[in-house]
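Reading through the structure tokens given below for one structure.
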Amino acid sequence: MTTVNTHQELWRTYFPEFMENRDSGIALLMESSNLVMVAAQQQLFYPGSQCHNYLLVLTGMVKVQLLSEKGREVLLYHVRSGDSCVLTTSCLLSGDAYPAEGITETEVMAFSIPSYSFNRSMEQSSFFREFVFKNFAMRLSKIICRMESVTFNTIDQRISKALLESGSDTLAKTHQELAYELGTAREVISRHLKTFENDGLISLKRGVIEIINRHALKIIRDSR
């Protein structure tokens, strides 16, 4: 992890509300933050590790996942540009260790705010408290929706939704990648995709899924 000086222009570009705020607590927070660059496929935290910094992602993407005893990975959520990590927020507020791991999927640039600055700003700045809790609530809501989908929706519904959300009739994604996103096994995904293909809904090629019947996929997605 390489640290460079904080750049006000980056605050202005990615978090303009901080630059526009006149709260003294925010000014101190920005002054104490560091700009960090992390290469792709680097572990930011792991189960049992302590949280010492609050991260605000400028560019890149981080995946947060759970690992089973058998080594199976279950995606919880992604942290993208303009986001903060809900588990990091939770650990800073509670003092607990991380229950999952975070890995950079791409090169990531972020502001790293030391825990003492985070806590001080939470005490002194109503703006920062609102920012933290608003982001925390929004991210938590998305996680709950994801868990509801995994728990209550059939695998056919979840696959259909994932295919339709791609925004294109050609999805460049392997069965393993789709299985990881949906929290299931590759064999399960492959079996159901093959059924979709036999029914004329999609066409399967190496590393590519082509949608043929979008209307039929919508019916499956919306079925109850």
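The values are calculated or read from the model by the stated rules, or taken from the named source; none is laboratory data. Just so it is clear, the structure is predicted and the values come from calculations on it, not from any experiment. FYI the Cβ positions are ideal-geometry reconstructions off the backbone, even for glycines, and counts take in every protein chain you see. Just the protein is used for accessible areas: all its heavy atoms, side chains included, with ligands, DNA and RNA removed. Shrake-Rupley method; radii C 1.70, N 1.55, O 1.52, S 1.80 Å.
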With R₀ set to 30 angstrom, the calculated FRET efficiency between the beta-carbons of L10 and D96, to the nearest 0.05, is 0.50
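May I ask for the net charge around S190, where only other residues with Cβ less than 13 Å from the Cβ of S190 are counted and Lys, Arg are +1 while Asp, Glu are -1? Intermediate results must be reported in sequence, preceding the final value.
On the way: positive: K173, R186, R191, K194, R206; negative: E177, E187, E197.
With Lys, Arg at +1 and Asp, Glu at -1, the neighbours total +2.
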For the chain, any Cys whose C-beta has no other cysteine C-beta under 4.7 angstrom counts as unpaired, and these are C85, C145
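Treating only the Cβ atoms of Lys and Arg (+1) and Asp and Glu (-1) as charged, compute the dipole magnitude of the chain about its Cα centre; round to the nearest 20 debye. Please report the intermediate quantities before stating the final value.
Working: 24 positive and 25 negative charges, 119 e Å.
Once rounded to the nearest 20, the dipole reads 580 debye.
Percent relative contact order of the chain, based on C-alpha pairs within less than 8 angstrom and at least six residues apart?
Working: 372 pairs, mean separation 44.0, N = 224.
In percent, rounded to a whole number, it is 20.
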Expressed in nanometres to one decimal, the distance between label points 7 Å along Cα→Cβ at V150 and M19 is 3.8 nm
Net charge near K63 (other residues with Cβ under 11 Å of its Cβ; Lys, Arg +1; Asp, Glu -1) is -3
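Leaving ligands, DNA and RNA out of it, rank L28, L58 by accessible area with a 1.4 Å probe, largest first. Walk me through the intermediate numbers first.
Values: L28 70, L58 0 Å².
The ordering from most to least exposed comes out as L28, L58.
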From the Cα centre of region 110-147 to that of region 197-224, the distance in Å is 39 Å
Counting all Cα-Cα pairs in region 150-191, those more than 13 Å apart amount in percent to 50 percent
In whole Å, largest first, the alpha carbons of region 119-179 cover along the principal axes 49, 26, 18
Taking Lys and Arg as +1 and Asp and Glu as -1, residues besides Q41 with C-beta under 14 Å from its C-beta add up to -3
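So how much slack lies between V74 and K218, counting 0.36 nm per residue of separation and subtracting their Cα-Cα distance, in nm? Working shown, then result.
On the way: separation 144, 0.36 × 144 = 51.84 nm, distance 2.52 nm.
In short, 49.3 nm is gained.
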Expressed in nanometres to one decimal, the distance between label points 7 Å along Cα→Cβ at D199 and S168 is 2.5 nm
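Just in region 3-107: which trypsin sites (Lys or Arg not before Pro) are loop by DSSP and have at most 10 other Cβ atoms within 10 Å?
Numbers: sites: R12, R22, K63, K70, R72, R80; in loops: R22, K70, R72, R80.
Taking region 3-107 and a limit of 10 other Cβ atoms within 10 Å, the loop trypsin sites (Lys or Arg not before Pro) found are R22, K70.
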Hits in region 10-41: amide N under 16 Å from the 7 Å Cα→Cβ extension of Y116, namely 28-34
Over 27 Å (Cα to Cα) among K134/K173; K161/K194; K142/K194; K134/K218 -> K134/K173; K142/K194; K134/K218
Computed about the Cα centre, the charge dipole of region 133-187 from +1 Lys/Arg and -1 Asp/Glu charges at the Cβ has a magnitude in debye, to the nearest 20, of 320 debye
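Let me have the 222 nm mean residue ellipticity of the chain computed from DSSP H runs of 4+ only, each contributing -39500 (n - 2.57), with the sum over all residues rounded to the nearest 500.
Calculated at 222 nm, the ellipticity per residue is -14500 deg cm²/dmol.
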Rounded to the nearest whole number, the per residue volume of the convex hull around the C-alpha atoms of the chain in Å³ is 141 Å³
